[in-house]
Amino acid sequence: LRIDASAPDPDLRTRIEAARGGEMALRVRRGDQVLDVAVEVRAAPPEGEGPVGFTSQGVLVSYAWDRAAGRAAETTWDLLRSTVTALGALVGLDGDGPAEVRLVGPLGMKQISDQTLANAVEWGQGFPLLYLGAWLSASLGFFNLVPFPALDGGRAALLLVEVVRRRRLPARTEARVHAAGMVVLLTAMLALVALDLLRPVF
């Protein structure tokens, strides 16, 4: 029994964890036959079996450089889309988002990077570190474009206001807006540090 590779679900583990104690629908391939089945997701499965009776295993696949470039673009798009989806779930706009979504601060990122490094060493592969770098670049790039004061997106928003008004904002007003945004960002960062201490990622 294996997951149908023609329609892979990158969030399968997340969905299984969210369905513990209930049921979920899976499409599986058995030989040449494709079946839609409902499986019970056990809350406390025996060791080594997993909540639905099987465990997943990653497989390394190598591509030619042209195919690899296409896959890199697809993965980057998936990272951006998942970032937007997670943000929507965080503010309650996406009811189909992950079961648990949270922001992390510097300590949380340290925990994630440590786990990623441990995986890279254990597997003898460098792709976990490359993936983490791509994820950080995509996430930081997206958030930096959010129209919030002190971010590049906020500066672009103020520039748009100046275009609409057809005159520059007073330098003191612009400085105060960005200073207020920086205070909010620093306060949020301190809150995230506290959250990372109270609820470690790993």
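Here are some notes:
- Within the set Val28, Val59, Val52, the sole residue that is open to solvent by 60 Å² or more (accessible area, probe 1.4 Å) and either at pLDDT below 85 or outside any strand (DSSP E or B) (or both) turns out to be Val59.
- Condition met for Arg176 (modelled with pLDDT of 85 or more and either outside any helix (DSSP H, G or I) or over 30 Å from Arg13 (Cα atoms) (or both)): yes
- Tabulated pairs, region 175-198, first more than 18 Å from Asn144 (Cα to Cα), second assigned to a helix (DSSP H, G or I), C-beta under 8 angstrom, 6+ apart or interchain: Val193/Pro106; Val193/Leu107; Leu195/Gly108; Asp196/Pro106; Asp196/Leu107; Asp196/Gly108; Asp196/Gln111; Leu197/Leu107
- Looking only at region 137-152, and only at residues there that are more than 15 Å from Ala175 (Cα to Cα) and in a helix (DSSP H, G or I), the one that is nearest to the chain's Cα centre (by Cα): Ser139
- Which numbered condition Ala156 fails, given (1) assigned to a helix (DSSP H, G or I); (2) modelled with pLDDT under 90: (2)
The values are calculated or read from the model by the stated rules, or taken from the named source; none is laboratory data. All values derive from a computational prediction rather than experimental measurement. Counting neighbours? That spans all protein chains shown, and the Cβs are built from the backbone with ideal geometry, glycine included. Heavy atoms of the whole protein, side chains included, go into the accessibility calculation; ligands, DNA and RNA do not. Shrake-Rupley method; radii C 1.70, N 1.55, O 1.52, S 1.80 Å.
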